[in-house]
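Asker: Have a look at the structure that comes next, please.
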Amino acid sequence: MGIMCEPHMMTHIDIVIKFGGSAVTDKGCFETYRPDVTSKLAQHVKDCHEAGMSCIIVHGAGSFGHHQAKEYAINEGLRGATKEDHKHKIWGYCLVRQSVLKLNNAVVNSLIDVGVPAISISPGTSWKVKDRQPLHWPHEVLEQYLLSGLVPVFHGDCCMDTDLTCSILSGDTVIKAICSNFNVKKVVFVTDVAGIYDRPPNFQDAKLLKTLKVDERGDLTESIQLSSSANDVTGGMKLKLKSAIDIVVQTNGQCPVYITGYSSPNLSDVLLCKGHSEDWNVTRIVKNDVSS
């Protein structure tokens, strides 16, 4: 478990938006970026910024980094590795970092192109990680960026790990760390599907679950089945849902989490509205004691 810090009371964050790797890239094709999707998401971020909202963007790696991380087994670390294995994995580590930085550069440029004052923050150069969980990171730098009116852009990254030597820090874990250090009002995961279904969405009878309620232990009131991409080394939708549940639980329900699709007609409503409508084509995750 990472170290839990007291939230910074002087800085609240209106929204953390996750650009899913399945949204901004084609996860089935090596290093294939989707500039059209990212540009549309960037416009939504601009709307939030111009509405006076403090925003943080976190994007997944998608087809950037995951393939290399799987090929070189980066997430297994280097503990007990032979000299040859060590040399092989360190080379893979470099390739993963360069790949995710390539995508991060494209995402930040998409935001800047529409007028968002976006600035990149790469966890791999400054986060202290233990067994894939953040121990310490420079949240005071993030606070300075926010107070200056900038829009920080994080990404999933590979990091030096005190237990494993190296590991993958997922974007979803980054979001959990942000929510444990700041007062975040809302988290929105934007992916390639409308939300969480009771079974994989490619099943003909799959049903979109518009509200998922969790108790103080993080147990869901609904039974669901999830699937993961073969090349996703960070857990895919399973980790996304677990991270969403953890955020709701660790904030005692003060920070609701939404999961929705990049093509959803309600995406702007989800991002900009302070309330919620059950008519939205989205999954909302809340504490069990929150009324519908």
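The values are calculated or read from the model by the stated rules, or taken from the named source; none is laboratory data. Quick caveat: nothing in here was measured; it's all calculated off a predicted structure. Reconstructed Cβ throughout: ideal geometry from the backbone, glycine too, with neighbour counts over all protein chains shown. For accessibility, only protein heavy atoms count, side chains too; no ligands or nucleic acids. Shrake-Rupley method; radii C 1.70, N 1.55, O 1.52, S 1.80 Å.
Asker: Could you give the nm distance between label points at residue 31 and residue 183, where each point is 7 Å from its Cα heading toward the beta carbon?
Answerer: Each label point lies 7 Å from its Cα, and together they span 4.4 nm.
Asker: Label segment 1-140 by shape, choosing from rounded, prolate and oblate, from the square roots a ≥ b ≥ c of the eigenvalues of the Cα gyration tensor; if a/c is under 1.5 it is rounded, and otherwise prolate applies when a/b is larger than b/c, oblate when it is not.
Answerer: Working: a/c = 2.79, a/b = 1.36, b/c = 2.06.
It is oblate, given that a/c is not under 1.5 and a/b is not larger than b/c.
Asker: Could you list which residues have their amide H under 5 Å from that of residue 118, counting only those 5 or more apart in sequence or on another chain, with H placed in the peptide plane?
Answerer: 112, 151
Asker: About the Cα centre of the chain, how large is the charge dipole given +1 on each Lys and Arg Cβ and -1 on each Asp and Glu Cβ? Please answer in debye to the nearest 20.
Answerer: Values: 29 positive and 32 negative charges, 62 e Å.
Using only the charged Cβ atoms, the result is roughly 300 debye.
Asker: Now for a different question. Working out 0.36 nm times the residue gap between residue 268 and residue 147, then minus their Cα-Cα distance, what length gain in nm do you get to one decimal? Mind dumping the intermediate values first?
Answerer: Working: separation 121, 0.36 × 121 = 43.56 nm, distance 2.43 nm.
Extra length from residue 268 to residue 147 when fully extended: 41.1 nm.
Asker: With the full set of protein chains in place, find how many percent of the accessible area of the chain is carbon and sulfur; take the probe as 1.4 Å.
Answerer: Details: 6570 of 13080 Å².
Carbon and sulfur atoms account for 50 percent of the accessible area of the chain.
Asker: Per DSSP H run of at least 4 residues, take -39500 (n - 2.57); add these up for the chain, divide by its residues and hand me the 222 nm value, nearest 500 deg cm²/dmol.
Answerer: Numbers: 8 runs with 98 residues, N = 292.
Computed ellipticity for the chain at 222 nm equals -10500 deg cm²/dmol.
Asker: Here is a further query. When ligands, DNA and RNA are left out and all protein chains stay put, how many square angstrom of accessible area per residue does segment 91-172 have with a 1.4 Å probe?
Answerer: Numbers: 3230 Å² over 82 residues.
Here the per-residue accessible area is 39 Å².
Asker: Return the Cα extents of segment 153-292 along principal axes one, two and three, sorted largest first, each rounded to a whole Å.
Answerer: Computed over the Cα atoms, the extents are 47, 36, 29 Å.
Asker: Please calculate the 1.4 Å probe accessible area of residue 279, with all protein chains present, and give it to the nearest 10 Å².
Answerer: Using a 1.4 Å probe on the heavy atoms, I get roughly 130 Å².
Asker: Pick out which of 189, 203, 19 has the largest mean-square fluctuation in a Gaussian network model of the chain, springs linking Cα atoms closer than 10 Å.
Answerer: 203
Asker: Take the Cβ-Cβ distance between residue 133 and residue 84 as r, set R0 to 25 Å, and report the resulting FRET efficiency rounded to the nearest 0.05. The partial results should precede the final answer.
Answerer: On the way: r = 29 Å, r/R0 = 1.14.
According to the calculation, E is roughly 0.30.
Asker: Next question, about the same structure. Taking H as built 1.01 Å from N, whose amide H comes closer than 5 Å to the amide H of residue 59, not counting residues under 5 places away?
Answerer: Those lying under 5 Å, H to H, from residue 59 are 19, 154, 155, 156.
Asker: Here's another thing I want to ask about it. My understanding is that a pair violates if its Cα-Cα distance is over 30 Å; which of 185/207; 102/210; 102/213; 130/185; 27/130; 130/240 do that in this structure?
Answerer: On the way: 185/207 28 Å; 102/210 35 Å; 102/213 37 Å; 130/185 28 Å; 27/130 28 Å; 130/240 20 Å.
Over 30 Å apart, Cα to Cα: 102/210; 102/213.
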